[in-house]
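What follows is calculated from the coordinates using simple rules that are stated; it is not laboratory data. Treat the numbers as computed from the prediction; the structure is a model and nothing was measured. Cβ atoms come from the backbone with ideal geometry, glycine included; neighbour counts cover every protein chain shown.
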Amino acid sequence: MKIFETKLKGCLIIEPKVFEDKRGSFFESFNTKQFNDLTNSKTNFVQDNESYSTKGVLRGLHYQTGLHAQAKLVRVIKGRVLDVAVDLRKSSKTFGEYVSVELSEANKKQLFVPRDFAHGFIVLSETAIFSYKCDNYYDKESEQGIIFSDKDLNIDWKLPKEEFLISEKDIILPTFKNAVLP
């Protein structure tokens, strides 16, 4: 497993070691000891989630606050997405900045999104199966978000807006300036 730090401290791109031969491929998608050793953390994932989406589905930008804040380890099982993490840590030098990375079944990359980051993704392939581990349980009362089209964040989602499929809940999220931040 290789780990690469992004410009956002603590937000990491993870590349597993993939073994391939004429039968196909094999890789270890997660190993607690190796993950914690390489990230110098004691992350304990307690919940796994999975979504199926079609091209243009944009989910996010979501996060949880307070005692229910979540770190996430995300990956794509099938298809291809543009994954985005936004630094919401007011004391951070990269507060309000984002990173984006293409995650796909082909590259098998994963993104570790620390607590106090907003997270979202858009599906670039015809369909995608997206999987993520969380280090804290979901709590509806702690759920927050930022509108995907926020002008201050200026995220390039890589698809024309006419192709976006967005939930009613995500369409009415506040701007970055008006969001309830951690």
Query - Rounded if a/c under 1.5, otherwise prolate or oblate - the range 1-94, Cα gyration tensor axes - result: oblate
**Report entry** Relative contact order for the chain, counting Cα pairs under 8 Å that sit 6 or more residues apart, in percent
**Finding:** 29 percent
Requested in this report: Add +1 for every Lys or Arg and -1 for every Asp or Glu among the other residues with Cβ under 13 Å from the Cβ of G60, and state the total.
Outcome: -1
Query raised in the report: Residue separation times 0.36 nm, minus the C-alpha to C-alpha distance between F19 and N49: what's the value?
Result: 8.2 nm
Query raised in the report: What is the spin-label model distance, in nm, from E162 to I3 if the labels are put 7 Å beyond Cα along the C-beta direction?
Result: 4.4 nm
Query raised in the report: If you count, for each residue, the other Cβ atoms within 10 Å and average over each peptide, how do 117-127, 166-176 line up from highest to lowest?
Result: 117-127, 166-176
Query - Label point distance in nm, F95-N178, each placed 7 Å from Cα along Cα→Cβ - result: 2.1 nm
Query raised in the report: Within the range 89-182, how many lysine pairs that are 8 or more places apart, or on different chains, have C-alpha atoms less than 20 Å apart?
Result: 14
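With the cut-off at 1.5 for a/c, could you classify the chain from its C-alpha gyration tensor as rounded, prolate or oblate?
Cα axes put the chain in the oblate bin.
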